[in-house]
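The values are calculated or read from the model by the stated rules, or taken from the named source; none is laboratory data. Keep in mind that this is a model prediction, so the values were computed, not measured. No Cβ is skipped: glycine too gets one built from the backbone with ideal geometry, and neighbour counts run over all protein chains shown.
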Amino acid sequence: MYALACKLDPDSLYDLARFAYAELAMSGVTAIGEFHYVHHQPGGRPYDNRTELSEVMIRAAQDVGIRICLQRVLYQRAGVGLPLETGQERFCDKRLEDGLADVEMLRSRYENTPGVTIGLALHSVRALSLDWIREASSYAKRMRLPLHMHLSEQQRELRECKQEHGTTPVALMNDNGILDEHFVAVHATHLDPAEVAALGASNAFVCVCRTTERDLGDGHCDARALREAGARFCTGIDSHALCDPFEEARAIELDQRTADQGRMRAANATQLLAAATAEGYESLGMFKTCEKDEVRLRADDAALVGATDAHLDDVVIFGASPRAVDSVCVGGTQIVQQGQHRDYQAIRERYERTFQSLLEQARIQ
């Protein structure tokens with residue numbers, strides 16, 4: 001990953017992002033939260049326009065026609081006492097105020113731009129000192145911005161957090177008053193009962209990324225306990241190995257069934273549909289702007305044939321796939337018709353050339 005990250009430039013990043021967003025759109029996705037942390041040139045020197053790569057991501061989303069919450073990620077270090085690996089220099093800011101100034105610049109630049117919101121993201125407890133976390137959280141609360149953070153994703157993260165802070169990541173956030181209704185804990189895989197209760201009491205979101213969490217072998221969150229405690233769910237992918245929002249939603253329930261060896265333990269179809277739609281918009285600060293978004297599915301798709309109104313949520317969540325997506329409208333503009341993005345052919349061809357070139361450069365290195 002770092003080898004590829006070293007080779008990215010604004011043009012190649014645009015090509016990759018545009019293809020990823022087109023693939024998401026054709027899968028039935030209308031809005032994405034981009035957890036963006038490739039900020040600077042190779043070696044770590046900022047671009048003359050410090051927010052150039054953030055703006056590349058926004059432009060790619062605009063050209064595809066999908067909504068984007070650009071979450072400008074703060075990334076300070078490789079870990080306690082660890083030197084940066086080659087490639088990580090592109091992620092890091094030398095001063096917190098530089099990163100927050102970038103957020104301010106982006107907010108000012110896109111304040112009145114339809115389909116674009118700006119959020120703040122904290123990479124992880126590993127990548128940030130507590131001082132940075134506290135100050136950044138305070139800024140997000142003042143500005144009422146969505147605040148996303150990788151949290152309790154892996155066992156190693158828990159061990160390192162305990163060594164540095166004497167407690168676990170979610171407990172650390174709770175003890176410092178960081179959890180609230182605008183906070184989104186990405187993954188929240190390894191929690192104790194007190195942490196589950198804290199996320200629920202604060203009305204925070206948990207962004208579950210099941211296909212990536214499976215892929216990395218990280219485990220799974222206790223979705224049943226989180227829902228019962230009052231936490232809200234939204235869904236993400238955290239990679240592009242698989243773009244299937246239907247699978248991301250149903251896996252919250254189905255993977256819980258596997259762990260519990262019982263049925264209907266985490267969430268029903270209507271709750272999962274809300275996590276993939278309304279609560280997803282809300283976690284990105286978009287809930288009041290998405291009235292004209294629409295995804296239409298093919299009633300003659302094999303997974304949907306014979307569905308009745310009484311069981312439609314169940315059929316869509318537990319049976320459908322991106323194959324069933326017929327059309328997608330964002331803000332009243334149709335961007336997918338008969339299952340294909342309006343510019344897919346050109347987007348794909350440019351992506352293929354760019355990606356092969358990047359792979360060859362990385363191999364040479």
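Summary of computed values
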{"quantity": "Neighbours by Cβ (under 7 Å, 6+ apart or cross-chain): first from segment 152-176, touching a residue at least 60 places away in the same chain (Cβ under 8 Å); second hydrophobic (A, V, I, L, M, F, W, C)", "calculated": "160/80; 164/80"}
{"quantity": "Test: residue in segment 197-212 that is over 20 Å from residue 273 (Cβ atoms), among the aliphatic types (A, V, I, L, M) and buried (at least 24 other Cβ atoms within 10 Å of the Cβ)", "calculated": "yes"}
{"quantity": "Which listed residue, of 249, 225, 259, is within 19 Å of the chain's Cα centre (by Cα), in a helix (DSSP H, G or I) and among the small types (Gly, Ala, Ser)", "calculated": "249"}
{"quantity": "Complete set of residues in segment 184-212 that are within 13 Å of the chain's Cα centre (by Cα) and not in a loop (DSSP other than H, G, I, E, B)", "calculated": "184, 185, 186, 187, 205, 206, 207, 208, 210, 211, 212"}
{"quantity": "Contacts under 8 angstrom Cβ, first residue in segment 285-299 being without any contact (Cβ under 8 Å) to a residue 12 or more places away in the chain and within 20 Å of residue 324 (Cα to Cα), partner among the aliphatic types (A, V, I, L, M) and buried (at least 17 other Cβ atoms within 10 Å of the Cβ), 6 or more apart", "calculated": "299/307"}
{"quantity": "Number of positions in segment 296-319 that are part of a loop (DSSP other than H, G, I, E, B) and surrounded by 16 or more Cβ atoms within 10 Å (Cβ to Cβ)", "calculated": "5"}
{"quantity": "Count - residues of segment 213-222 that are touching a strand residue (DSSP E or B) at 6+ places or on another chain (Cβ under 7 Å) and not in a loop (DSSP other than H, G, I, E, B)", "calculated": "1"}
{"quantity": "Residue 57, sole failed condition from (1) of a type outside the set (Asp, Glu); (2) within 19 Å of residue 103 (Cβ to Cβ); (3) modelled with pLDDT under 95", "calculated": "(3)"}
{"quantity": "Residues (in a loop (DSSP other than H, G, I, E, B), β-branched (Val, Ile, Thr) and buried (at least 22 other Cβ atoms within 10 Å of the Cβ)) located in segment 145-183", "calculated": "168, 178"}
{"quantity": "The one condition in (1) at pLDDT 95 or above; (2) surrounded by fewer than 19 Cβ atoms within 10 Å (Cβ to Cβ); (3) out of contact with any strand residue (DSSP E or B) (no Cβ under 9 Å at 6 or more places or on another chain) that residue 109 fails to fulfil", "calculated": "(3)"}
{"quantity": "Among residues of segment 1-18, those that are surrounded by fewer than 23 Cβ atoms within 10 Å (Cβ to Cβ) and either among the hydrophobic types (A, V, I, L, M, F, W, C) or at pLDDT below 95 (or both), counted", "calculated": "10"}
{"quantity": "Which numbered condition residue 39 misses (of (1) at pLDDT 95 or above; (2) under 21 Å from residue 185 (Cα atoms))", "calculated": "(2)"}
{"quantity": "Long-range neighbours under 7 Å by Cβ, at least six apart or interchain, first residue within 17 Å of residue 237 (Cα to Cα) within segment 257-279, second of a type outside the set (A, V, I, L, M, F, W, C) and not in a helix (DSSP H, G or I)", "calculated": "275/235; 276/235; 279/232"}
{"quantity": "Subset of segment 86-137 (residues that are among the β-branched types (Val, Ile, Thr) and in contact (Cβ under 8 Å) with a residue 60 or more places away in the chain)", "calculated": "86, 117"}
{"quantity": "Index of the failed condition, residue 160 passing every other in (1) acidic (Asp, Glu); (2) touching a Gly at 6+ places or on another chain (Cβ under 8 Å); (3) under 30 Å from residue 331 (Cα atoms)", "calculated": "(3)"}
{"quantity": "Residue 189 of a type in the set (Val, Ile, Thr) and surrounded by fewer than 22 Cβ atoms within 10 Å (Cβ to Cβ)", "calculated": "no"}
{"quantity": "Residue within segment 271-285 that is outside any helix (DSSP H, G or I), touching a Cys at 6+ places or on another chain (Cβ under 7 Å) and among the small types (Gly, Ala, Ser) present", "calculated": "yes"}
{"quantity": "Test: residue in segment 9-17 that is assigned to a helix (DSSP H, G or I), of a type in the set (D, E, K, R) and within 21 Å of residue 103 (Cβ to Cβ)", "calculated": "no"}
{"quantity": "Residue satisfying all of: in segment 220-245; surrounded by fewer than 17 Cβ atoms within 10 Å (Cβ to Cβ) and without any contact (Cβ under 8 Å) to a residue 40 or more places away in the chain; nearest to residue 169 (Cα to Cα) among these", "calculated": "230"}
{"quantity": "Residues (touching a residue at least 12 places away in the same chain (Cβ under 8 Å) and in a strand (DSSP E or B)) located in segment 320-357", "calculated": "325, 326, 327, 328, 329, 330, 333, 335, 336, 340, 341"}
